[in-house]
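Since the structure comes first, as structure tokens, the remarks are kept for the end.
The values are calculated or read from the model by the stated rules, or taken from the named source; none is laboratory data. Note that the coordinates shown come from a computational prediction; the quantities given were computed from them, not determined experimentally. A quick note on method: Cβ atoms are made from the backbone with ideal geometry, for glycine too, and the neighbour counts reach across all protein chains shown.
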Amino acid sequence: MRIAIACLLLLVMMAGSALGQVEKIKRLQQKLLVTRDSTQYTDLLNRVALLFYEQNPDSTLHYALHARAIASRLGYKKGLADARNNLGVVFDIKGNNQLALRYYNDAYNQYVALKDSSNIVQTLMNIAMVYKVSGKDQKALSNLDQALSLGNQISHDSITALVIYNYILSYPDKFDSKKKEELIDRASKISVKYRDSRLALAIQQLRADDLIAAGQVERGKELLESTLENAMKMQLYFLSMDLMIDLADNYLNSNPEKAIGLLNQALGIAEQKSYRTYAKDICKRLYDIYLEKGDRFSAFIYSQKLLQIFEQQAEIDKSSGIDYTEYAVKDQELVSQQLVSDYNTKLLWLAAAICFLTLMSILFLLRNAKLIERKNQVLRIQFSQLESASEALEKTNQNYAKLIKIVAHDLRNPIGAISSFSSLLKDENLTKEERTQFLELIQDSSDSCIKLIGDLLETDFNFNESELEKESIDLPTFLQHTVALLSFRAAEKKQQLILTEYPQAQLTADRDKLVRVLNNLIVNAIKFSPEQGVIQVSAQKTFLGVKILIKDNGVGISQHSAEKLFEPFTSSKRVGTAGEQPFGLGLYISKQILAAHRGKIWFESVEGKGTTFFIFIPD
């Protein structure tokens, strides 16, 4: 993310003076009102489009389309190439790498035809950065090598400094220390040559990173600190945030509190300036740091910030009213129609100048060409449909395999209860009331099986709050019923399953899914406890909701297993104390269900002495 944004930022640095983007946009918009020269007007539109990328990509699209329309009408190839490049920027920002590459490649081909070396270097660099973000490093390196090679040959070499900056920032290990120092010195001289203070600061960042890589950590940090101070004075917020992240990475091991402070400072700028892409990246870093430290409360705060950022972006995408993918398809259709129209016009001019026989020959060839094109187009569509169908089939097969494992896991509990109660019914000494009670429990377990199968057939493996069937549940009755259903399962291992304490309370939840959570946790306690073991179920009423505890005196959980315990099909699964086979799904399913209730699940364990699982359901 840092590299892609850096590329766009540095492109904007080329746009002119030290004024802020908003001031530049206003100044250029005022110029548009008094400009009459159409080619100059097109150039202004393209400059405004490029500057608007940070504020509003919809506006970038609007101005780029306007510029392209005028350039097409005038036959102004440079303006058309610039408009194509700006359209690439739009899709680059939107994260659609495929469409960004398409428009960047179109711009590159037009710049090649114009022999516009500086912009050829720029588009090669843009293409390389998209490939870098896409994880295609070989293609990224190939384009960067071409950009650097061509940049070495041009006279106006400001773009060459940008290529050097992005190359070293993206692939610092590509060059040995001598070559890297040579390139950094060259970029620094270019920044001095064009009096580009912003580029000079970016080069200082490269120097600082180079010092740190060479083992001169303290000198590198000091240079990063001074560069950050100057960037903040110049209100270069993108570069400042990049420097803060860089410093945080280097302080994380030696001074984690300072690293966290720098990340929070960068997050403050991102939130103030509505730089959602940076805010998302920084929140993810802070979330990972606190999660690694074991500070789940702080990690939860940043996870909520991440969720809010995604919701804001979804709302913006929804309200913008622009379907960028649909636009690109329609845009391609318009270009194709325009090409066909131009070709037909040329044919008419040719028909007026040649004899009837030549005309008939051309029409015949044209008809065959159209038929071939149509066949090729049909084949392309069919191939695309086959690819989509293949991907969908593969995903469906994966979902079915996952569904089968979930069904096998979750049906064990109610079917096991039915088996136990059925065995007890064979006892001729049972009273009528006991038989009736067992039959009712069998009926409840059967209903749970049917309900569970229905839920699993409809699920997409994510439990959403909107899909929950919440109701008011009497906590004592709910716990007593659940313990009664599984007490015979515990008895099979000569264990005691007891309900120790609970408040007179009500909670609002999806009864069936909450039963699944308790069943999974109690069955796990039975599975990993020895014979004669005791499993205790209790509940507490808190200010915010209800907390339920399942405590056993079993084998406990090792630190290694604890790290991946809630992952689906986890490698931490173990065989039970009586040889019960694990599935690695119960805790994953339970966590998903509680997350849909806005609750949480956690545990405390001492290996060899037992485990207590906690679940919390908010009011």
Query raised in the report: So Phe383 fits all but one of (1) loosely packed, with under 11 Cβ neighbours inside 10 Å; (2) at pLDDT 75 or above; what number is the exception?
Result: (2)
Query raised in the report: Picking from Lys293, Lys330, Lys258, which residue would you name as being surrounded by fewer than 17 Cβ atoms within 10 Å (Cβ to Cβ), basic (Lys, Arg) and at pLDDT 90 or above?
Result: Lys258
Report task. For segment 487-532, name all the residues that are under 11 Å from Lys551 (Cα atoms) and touching a residue at least 40 places away in the same chain (Cβ under 8 Å). Result -> Leu497, Leu521, Ile522, Asn524, Ala525, Ile526, Ser529
Query raised in the report: Which ones in segment 482-518 are of a type in the set (Gly, Ala, Ser), crowded, with 20+ Cβ neighbours inside 10 Å and not in a helix (DSSP H, G or I)?
Result: Ala509
**Report entry** From Leu594, Leu585, residue being buried (at least 17 other Cβ atoms within 10 Å of the Cβ) and at pLDDT 80 or above
**Finding:** Leu594
**Report entry** Only one of Asn376, Asn344 that is assigned to a helix (DSSP H, G or I), at pLDDT below 75, under 30 Å from Leu87 (Cβ atoms) and not assigned by TED's automatic domain parsing to the domain that holds Gln98
**Finding:** Asn344
Query raised in the report: Does Ala140 satisfy being outside any loop (DSSP other than H, G, I, E, B), free of Cβ contacts under 8 Å to residues at least 60 places away in the same chain and in contact with an Asp or Glu (Cβ under 9 Å, 6 or more places away or on another chain)?
Result: no
Report task. Out of Leu206, Leu228, report the one residue that is at negative phi, modelled with pLDDT of 90 or more, within 30 Å of the chain's Cα centre (by Cα) and not basic (Lys, Arg). Result -> Leu228
Query raised in the report: How many of the residues in segment 541-561 are in contact with a strand residue (DSSP E or B) (Cβ under 7 Å, 6 or more places away or on another chain) and surrounded by 14 or more Cβ atoms within 10 Å (Cβ to Cβ)?
Result: 12
Query raised in the report: more than 19 Å from Ser240 (Cα to Cα) and either touching a strand residue (DSSP E or B) at 6+ places or on another chain (Cβ under 7 Å) or of a type in the set (Lys, Arg) (or both): does that describe Arg207?
Result: no
Query raised in the report: From the list Leu199, Leu224, Leu211, which residue is within 29 Å of Ile289 (Cα to Cα) and crowded, with 20+ Cβ neighbours inside 10 Å?
Result: Leu224
Query raised in the report: What is the one condition in (1) assigned to a loop (DSSP other than H, G, I, E, B); (2) in contact with a Leu (Cβ under 8 Å, 6 or more places away or on another chain); (3) modelled with pLDDT of 85 or more that Ile548 does not satisfy?
Result: (1)
Report summary line: In the set Ala213, Ala200, the lone residue that is farther than 20 Å from Leu144 by Cα, touching a Pro at 6+ places or on another chain (Cβ under 7 Å) and not assigned by TED's automatic domain parsing to the domain that holds Val121 is Ala213
Query raised in the report: Of all residues in segment 521-545, which are assigned to a strand (DSSP E or B), closer than 17 Å to Ser487 by Cβ and of a type in the set (S, T, N, Q)?
Result: Gln536, Ser538
Report summary line: Going through segment 489-538 in order, the residues found to be closer than 19 Å to Glu604 by Cβ and hydroxyl-bearing (Ser, Thr, Tyr) are Thr500, Ser529, Ser538
